[in-house]
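Colleague: I have a structure I would like to understand better, so I am pasting it below and will then ask my questions one at a time.
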Amino acid sequence: MPPSSHTPRSAPSDALVSFDNVTKRYGDLVVLDELQIDVAPGEKVAIIGPSGSGKSTLLRLLMTLEPPTDGVIWVDGEPLWHLRKGDALVPANDKHLHQMRMKIGMVFQSFNLFPHMTVLRNVTEAPIHVLGMKKAEAEAEARELLQMVGLEDKIGAYPGQLSGGQQQRVGIARALALQPKVMLFDEPTSALDPELVGEVLGVIRQLAQQGNITMLLVTHEMRFAREIADRVAFFDKGKIVEAGPPEEIFTEPKQERTRKFLKAVLEAG
Amino acid sequence: MTHAQVLAQTTAPPGGTVWDWGFALEILPELLRALVVTVQATVVASVLALSLGLALALLRRSKTVAIRLPVAGFIEFIRSTPLLVHLFFLFYALPRLGITLGAFTAGVIGLGVHYATYTSEVYRAGIEGVAKGQWEAATAVNLSPRRTWTGVILPQAIPAVLPSLGNYIVAMFKETPLLFAITVIEVLGAARIIGTQSFRYLEAFTLVGLLFFLVSYPSVLLLRRLEARLATK
Ligand SMILES: Nc1ncnc2c1ncn2[C@@H]1O[C@H](COP(=O)(O)OP(=O)(O)O)[C@@H](O)[C@H]1O
Ligand SMILES: [Mg+2]
């Protein structure tokens, strides 16, 4: 839990997600370094950068899997890891974190499906036990989501019986079932065989085109990032080196480090 | 008659032969009745060992040091001291503190608590074997801590350690004769009483060994099959 020596400002009025001077350290290792970033409602932000630069950590702080060491994260006008107390911010309690998490969904690199549950139960588990939905209602909605990701015929299967691409599509349906305002994708296709990448990107593309959901997408798929992102942020050593519209970042990056990274990635890919 | 022949005659069992089938059949019902006590003690103590063990494993993970440390201390103490001492303490010492337990109750508590400290370690291994990503996914879909345990973690942790838990139950079953030391007439105790009354220990103790084997061995085979099935899953 971050100490709140930080002077709080009010939430940025136009941003849905805002990192205000957020630092994350593991011991002496600075993973996020006074990070600043605002994400507008409905905006799709692609985060690119070398491995170990802190991209996953950014998402993990936002998903409340790890607390920041310092700074304030705002989500939908509320401090994520703090409670307002008069003019100050104090560390949040579990109840606050639980409420804030309602707004956020995450898709993991390694899927992290519940292996002992069927596909349908993976998707209905949270609606039933978190939202208190009736089983029949939750299942009806889960079927719709699974249809959207093209898996209506796998409802009774267990994750172990599915391909990686199918598992990741269930992972997306599971996250969407709680109707989050922000979806976090942490390299959703990195663990997949090349031939399965397309089906997962297809689902994410469809979601992006539907419009109003806000997305933070960490990815190495540069073409895809360019296609769906409103903005691309290049990340290095816990800082955003450069951010801007995809055409700008991919065709005329201002920073030398961005150029080098893109050159290396494009040559490798 | 040689000296040896005289000796053989006086020490030979009544009935002449060494192993007496008639006597064995005669005492079998009594031994079976006592085996029921043994099995009852095992079943009740198992329920205690399996449930208390889980509770201890969960408490040992508590965020509160004031819970975690005493629980860890208790587990280490029980594991480092003989079961027979626990049994004597429960049956002979507790009454001095105003708590009088029947022999069977004291025996079952002693066995159950002792084995709970072993099963708690088994549960702990099972819980630690659940992938970190499962906790993260549970948080990401906003499950409560309680639902995370009951819906996600334990349903994966427990099946994985069922064979180990089963092995401890079998081990406990084989330790029930210790209860005779606090006057519970379980199967070994019954055999010993038969022996002292008839001066025929051979049939009684042989049958006890057979009876234990007939219960233990199929259980062990079953557990091996369970283990193999879990391994292929
Ligand atoms: N729990 C942790 N303890 C210590 N170091 C960590 C931990 N998690 C991540 N790190 C370190 O933080 C750095 C950034 O990690 P990460 O956010 O996963 O980078 P990226 O996703 O950009 O590859 C890495 O050097 C990693 O080793
Ligand atoms: Mg990463």
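Colleague: Find out how many positive minus negative residues lie around B:Leu223, taking Lys and Arg as positive, Asp and Glu as negative, among other residues whose Cβ is under 15 Å from that of B:Leu223.
Modeller: After counting each charged neighbour, the total is +3.
Colleague: Follow-up question, since we're still on this one. What is the magnitude of the charge dipole of the range B:27-231 about its Cα centre, with +1 placed on the Cβ of each Lys and Arg, -1 on the Cβ of each Asp and Glu, and no other charges, expressed in debye to the nearest 20? Could the numbers behind the result be given before it?
Modeller: On the way: 17 positive and 9 negative charges, 96 e Å.
The dipole magnitude comes to about 460 debye.
Colleague: Moving on to the next point. Summarise the partner chain shielding of B:129-137 as one whole number: the mean count of Cβ atoms from other chains within 10 Å of each residue's Cβ. Write out the running numbers ahead of the final one.
Modeller: On the way: counts 0, 1, 3, 3, 6, 5, 2, 8, 14.
Partner-chain Cβ atoms within 10 Å, mean over residues of B:129-137: 5.
Colleague: If you average the sequence gap of Cα pairs under 8 Å that are 6 or more apart and divide by the length of the range B:92-233, what percent do you get for the contact order?
Modeller: Once divided by the residue count of the range B:92-233, the mean separation gives 24 percent.
Colleague: Determine, from the Cβ-Cβ distance of A:Asp193 and B:Leu25 and an R0 of 60 Å, the FRET efficiency 1/(1 + (r/R0)^6), rounded to the nearest 0.05. Walk me through the numbers before you get to the answer.
Modeller: On the way: r = 68 Å, r/R0 = 1.14.
The computed FRET efficiency comes out at 0.30.
Colleague: Quick one: net charge of A:Pro180's neighbours, Cβ under 9 Å, K/R +1, D/E -1?
Modeller: Numbers: positive: A:Arg101, A:Lys103, A:Lys181; negative: none.
The answer is +3.
Colleague: What would the Debye equation give as log₁₀ I(q)/I(0) for chain A at q = 0.13 Å⁻¹, counting only Cα atoms as equal point scatterers?
Modeller: -0.88
Colleague: Another question about this same structure. How many Lys pairs in the range A:128-269 lie less than 22 angstrom apart by Cα atoms, where the lysines are 8 or more positions apart or on different chains?
Modeller: Close lysine pairs under the 22 Å cut-off: 9.
Colleague: Next question. Take peptides A:86-97, A:64-75 and line them up by average Cβ neighbours within 10 Å, highest first, as a rough protection proxy. Numbers along the way, then the final one.
Modeller: Details: A:86-97: 12.9, A:64-75: 19.9.
Output ranking for A:86-97, A:64-75: A:64-75, A:86-97.
Colleague: Ignoring everything but the protein chains, give the 1.4 Å probe accessible area of B:Phe180 in square angstrom, nearest 10.
Modeller: Probe radius 1.4 Å; accessible area of B:Phe180 about 60 Å².
Colleague: Still on this model: Run the helix sum for the protein assembly as shown: -39,500 (n - 2.57) per DSSP H stretch of 4+ residues, divided by residue count, reported at 222 nm to the nearest 500 deg cm²/dmol.
Modeller: Details: 18 runs with 267 residues, N = 502.
Counting only the DSSP helices, I get -17500 deg cm²/dmol.
Colleague: Moving on. Between the alpha-carbon centers of the range B:129-152 and the range B:28-43, tell me the distance in whole angstrom.
Modeller: So the separation of the two Cα centres works out to 43 Å.
Colleague: What is the mean number of Cβ atoms from other protein chains located within 10 Å of the Cβ atom of each residue in peptide A:95-108, rounded to a whole number?
Modeller: Details: counts 0, 0, 2, 5, 1, 1, 5, 1, 1, 2, 3, 5, 1, 4.
Average per residue, whole number: 2.
Colleague: Right, something else. Report, in whole Å, the centroid distance computed from the Cα atoms of the range A:198-269 and the range B:163-193.
Modeller: Going from one Cα centre to the other spans 67 Å.
Colleague: What FRET efficiency, computed as 1/(1 + (r/R0)^6) with R0 = 60 Å and r the Cβ-Cβ distance, is obtained for A:Ala40 and B:Ser219, rounded to the nearest 0.05? Could the numbers behind the result be given before it?
Modeller: Numbers: r = 64 Å, r/R0 = 1.07.
Step by step, r from the Cβ atoms, then E = 0.40.
Colleague: Given q = 0.17 Å⁻¹, what are the Debye log10 I(q)/I(0) values for the range B:27-231, with equal point scatterers placed on the Cα positions and solvent ignored?
Modeller: For the requested q values the scattering log ratios are -1.16.
Colleague: Just want the answer: with Cβ charges of +1 for Lys and Arg and -1 for Asp and Glu, which residue in A:Val241, B:Pro163, A:Ala92 is farthest toward the dipole's positive end in the protein assembly as shown?
Modeller: It is B:Pro163, whose Cα lies furthest towards the positive end.
Colleague: Calculate the mean, over all residues of peptide B:141-151, of how many other protein chain Cβ atoms lie within 10 angstrom of the residue's Cβ.
Modeller: On the way: counts 17, 16, 7, 4, 2, 1, 5, 1, 0, 1, 8.
Mean number of neighbouring Cβ atoms from other chains: 6.
Colleague: If you take the beta carbon distance between A:Gln179 and A:Asp70 as r and set R0 to 45 Å, what does 1/(1 + (r/R0)^6) give as a FRET efficiency, to the nearest 0.05? Mind showing how you got there, number by number?
Modeller: Working: r = 31 Å, r/R0 = 0.70.
Calculated transfer efficiency: 0.90.
Colleague: What total accessible area, in Å², is buried where chains B and A meet, using a 1.4 Å probe and rounding to the nearest 100?
Modeller: On the way: alone 13470 and 12630 Å², together 24490 Å².
The B and A chains share an interface burying roughly 1600 Å².
Colleague: Ok, one more. Specify which residue in the list A:Leu65, A:Gly52, A:Ile37 is farthest towards the positive end of the charge dipole of the protein assembly as shown, using unit charges on the beta carbon of Lys, Arg (+1) and Asp, Glu (-1), about the Cα centre.
Modeller: Among A:Leu65, A:Gly52, A:Ile37, the one farthest towards the positive end of the dipole of the protein assembly as shown is A:Leu65.
Colleague: Counting only Cα atoms, I'd like the Rg/Rh figure for the protein assembly as shown, Kirkwood definition for Rh.
Modeller: On the way: Rg = 32.4 Å, Rh = 27.6 Å.
Result for the protein assembly as shown is an Rg/Rh of 1.18.
Colleague: Please identify the DSSP H helices in chain B that span no less than 24 Å along the helix axis (Cα) and have a mean Kyte-Doolittle hydropathy of 0.5 or more.
Modeller: Values: long enough: B:21-59 (55 Å, 1.78); B:103-128 (37 Å, 0.47); B:154-175 (30 Å, 0.78); B:201-232 (46 Å, 1.13).
TM-like helix candidates: B:21-59, B:154-175, B:201-232.
Colleague: Which order, highest average first, do A:240-248, A:50-58 follow once you tally other Cβ atoms within 10 Å for each residue and take the mean per peptide?
Modeller: Values: A:240-248: 16.0, A:50-58: 19.8.
By packing density, highest mean first, the sequence is A:50-58, A:240-248.
Colleague: With +1 on each Lys and Arg Cβ and -1 on each Asp and Glu Cβ, and nothing else charged, work out how big the dipole of chain A is about its Cα centre, in Debye to the nearest 20.
Modeller: Numbers: 30 positive and 35 negative charges, 80 e Å.
Charge dipole of chain A: 380 debye, to the nearest 20.
Colleague: Here's something else I'd like to know. Between A:Asp87 and B:Val85, with labels modelled 7 Å along Cα→Cβ, what's the label distance in nm to one decimal, could you check?
Modeller: Modelled inter-label distance: 6.3 nm.
Colleague: Dipole magnitude of the protein assembly as shown about its Cα centre, charges +1 at Lys/Arg Cβ and -1 at Asp/Glu Cβ only, in debye to the nearest 20?
Modeller: Details: 48 positive and 46 negative charges, 194 e Å.
For the protein assembly as shown, the charge dipole is close to 940 debye.
The values are calculated or read from the model by the stated rules, or taken from the named source; none is laboratory data. Everything numeric in this text was worked out from a predicted model, so none of it was measured. Backbone-built Cβ (ideal geometry, glycine too); neighbour counts: all protein chains shown. In case anyone asks, the SASA skips ligands and DNA or RNA and just uses the protein heavy atoms, side chains included. Shrake-Rupley method; radii C 1.70, N 1.55, O 1.52, S 1.80 Å.
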